[in-house]
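Asker: Take a look at the following structure, please.
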Amino acid sequence: MFMFDFIIIIFNLLILVVGVLVGVAFLTLFERKVLGYIQIRKGPNKAGFFGIVQPFSDAIKLFSKEHITPIMSNYFMYYMSPVFSLFISLLVWICLPFFTSFLNFSFSFLFFLCVSSLGVYTIMVAGWSSNSNYSMLSGLRCVAQTISYEVSLFIILLSFLGLIGSLSIFDMVIYQLNMWFFFISMPLCMIWFSSSLAETNRTPFDFAEGESELVSGFNVEYGSGGFALIFMAEYSSILFMSSLFVYIFMGGLFMNFMYFIMVLFISFLFIWTRGTLPRFRYDKLMYLTWKGFLPVSLNFLMFFFGLKFFVYVLMI
């Protein structure tokens, strides 16, 4: 019986990983097409029907290229940090309630907080181990940015955890059967989306990849497979944050087709933001989170806990 359960778990995880990786492949195509139309051009349209096989040809090209290692790099950390980056971004997916056997657990939000906090270390190690001034500076920027925005992100999450009284994402779905949390906390929704942009290093918060001053940032020394793994991890994180956004603010009924439409729409917002907004200045980035997002999220936290206490007193 134990062996059968173990095989089922492995099979579920394999399907999940393959599904996420295929989603990542087509998200890159989706982004290039959307950015193309934003900039009044076509985007990829040669490889296959409307460029449908472009992601797979890109993958073949990247993974078949020669892997070059800088002489002065710390080889083991330089080689392994892209692998761990993709591993962490795939591992966090198992906390979402997909209603399959053994992939639902009660402390899924706690698991998300623990695993997502590890993502910053891979970028920091990738920047440091390359032994390049540009990548090192980018890694330091990324650490400061990610830690700053994680504070407001986690406080927003704490507000809803206090409201539903549970650490399970599935309970978040149950509480939104009658009304989405989007309607009772629209400011938190906007702050969560902005913080998600900063967490995934997307425009206008892409200081870890500041091409204009850092020559592509922490990944400047990476090519071929290492480069591909780093950006697969980034796009996997974008898909995950879009899915989590739908679970927290838009009901998150996974068995409904509208769930996938909403995830696609939130991913489109990530791309639309990239095609529209310029990069922030670094001091404004820090000012926004510490003097803008943090006070608002703390006020909502006190409001939700006060509301919960008031309802509890009334019930007594």
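Asker: Which numbered condition in (1) crowded, with 20+ Cβ neighbours inside 10 Å; (2) over 20 Å from the mean Cα position of the chain (by Cα) is the only one that V263 fails?
Answerer: (2)
Asker: Check whether at least one residue in the range 8-25 is more than 25 Å from the chain's Cα centre (by Cα) and closer than 30 Å to S166 by Cβ, and report yes or no.
Answerer: Within the range 8-25 (the criterion being more than 25 Å from the chain's Cα centre (by Cα) and closer than 30 Å to S166 by Cβ), the answer is yes, since at least one residue qualifies.
Asker: Does F310 satisfy being surrounded by 12 or more Cβ atoms within 10 Å (Cβ to Cβ), out of contact with any strand residue (DSSP E or B) (no Cβ under 9 Å at 6 or more places or on another chain), in a helix (DSSP H, G or I) and not charged (D, E, K, R)?
Answerer: Against the criterion (surrounded by 12 or more Cβ atoms within 10 Å (Cβ to Cβ), out of contact with any strand residue (DSSP E or B) (no Cβ under 9 Å at 6 or more places or on another chain), in a helix (DSSP H, G or I) and not charged (D, E, K, R)), F310 does not qualify.
Asker: Condition check: farther than 16 Å from Q145 by Cβ, β-branched (V, I, T) and touching a helix residue (DSSP H, G or I) at 6+ places or on another chain (Cβ under 9 Å). Does I316 satisfy that?
Answerer: No, not satisfied.
Asker: Report, ordered by the first and then the second residue, all pairs with beta carbons closer than 6 Å, sequence separation of six or more or different chains, a first member in the range 20-39 that is in contact (Cβ under 8 Å) with a residue 12 or more places away in the chain, and a second member that is assigned to a loop (DSSP other than H, G, I, E, B) and of a type outside the set (D, E, K, R).
Answerer: R32/G43; R32/P44; K33/G43
Asker: Against the condition of a type in the set (S, T, N, Q), surrounded by 21 or more Cβ atoms within 10 Å (Cβ to Cβ), outside any loop (DSSP other than H, G, I, E, B) and in contact with a Phe, Trp or Tyr (Cβ under 9 Å, 6 or more places away or on another chain), how does S194 come out, does it pass?
Answerer: For S194, the condition - of a type in the set (S, T, N, Q), surrounded by 21 or more Cβ atoms within 10 Å (Cβ to Cβ), outside any loop (DSSP other than H, G, I, E, B) and in contact with a Phe, Trp or Tyr (Cβ under 9 Å, 6 or more places away or on another chain) - is not met.
Asker: Out of everything in the range 289-316 that is without any contact (Cβ under 8 Å) to a residue 40 or more places away in the chain and under 24 Å from the mean Cα position of the chain (by Cα), what residue ends up being nearest to L35 (Cα to Cα)?
Answerer: Looking at residues that are without any contact (Cβ under 8 Å) to a residue 40 or more places away in the chain and under 24 Å from the mean Cα position of the chain (by Cα), I get G292.
Asker: Can you tell me which residue among L163, L158, L96, L110 is surrounded by fewer than 22 Cβ atoms within 10 Å (Cβ to Cβ), in contact with a Lys or Arg (Cβ under 7 Å, 6 or more places away or on another chain) and hydrophobic (A, V, I, L, M, F, W, C)?
Answerer: The unique qualifying residue is L163.
Asker: Now a separate question. I'm trying to understand the selection: among the residues of the range 116-135, which are touching an Asp or Glu at 6+ places or on another chain (Cβ under 9 Å), of a type outside the set (S, T, Y) and surrounded by fewer than 23 Cβ atoms within 10 Å (Cβ to Cβ)?
Answerer: Correct list: V120, N131.
Asker: Would you be able to say whether some residue in the range 234-250 is in a loop (DSSP other than H, G, I, E, B) and on the phi > 0 side of the Ramachandran plot?
Answerer: No, every residue in the range 234-250 fails to be in a loop (DSSP other than H, G, I, E, B) and on the phi > 0 side of the Ramachandran plot.
Asker: Return yes or no: is F205 outside any helix (DSSP H, G or I) and in contact (Cβ under 8 Å) with a residue 24 or more places away in the chain?
Answerer: yes
Asker: Another one. Is it the case, given these coordinates, that A228 is part of a helix (DSSP H, G or I), under 30 Å from N74 (Cα atoms) and under 16 Å from the mean Cα position of the chain (by Cα)?
Answerer: So A228 fails the test.
Asker: Being loosely packed, with under 14 Cβ neighbours inside 10 Å and at pLDDT below 85 is the filter here; which residues of the range 32-47 pass it?
Answerer: Residue satisfying the conditions is K46 alone.
Asker: With the checklist (1) without any contact (Cβ under 8 Å) to a residue 40 or more places away in the chain; (2) not in a loop (DSSP other than H, G, I, E, B) in hand, flag the one item P44 doesn't pass.
Answerer: So P44 meets the others, but not (2).
Asker: From the list R274, R279, exactly one residue is touching a Pro at 6+ places or on another chain (Cβ under 6 Å), of a type in the set (D, E, K, R) and within 24 Å of Y37 (Cβ to Cβ). Which is it?
Answerer: R279
Asker: On to the next question. Could you list all residues from the range 207-243 that are modelled with pLDDT of 80 or more and under 17 Å from F280 (Cα atoms)?
Answerer: Those that are modelled with pLDDT of 80 or more and under 17 Å from F280 (Cα atoms): none in the range 207-243.
Asker: Quick one: which of S108, S85 is of a type outside the set (K, R), touching a Pro at 6+ places or on another chain (Cβ under 9 Å) and in contact (Cβ under 8 Å) with a residue 60 or more places away in the chain?
Answerer: When all the criteria are applied, what remains is S108.
The values are calculated or read from the model by the stated rules, or taken from the named source; none is laboratory data. What you see is a predicted model; the values in this text were computed from it and never measured. Note: ideal-geometry Cβ built from the backbone for every residue, glycine included; neighbour counts use all protein chains shown.
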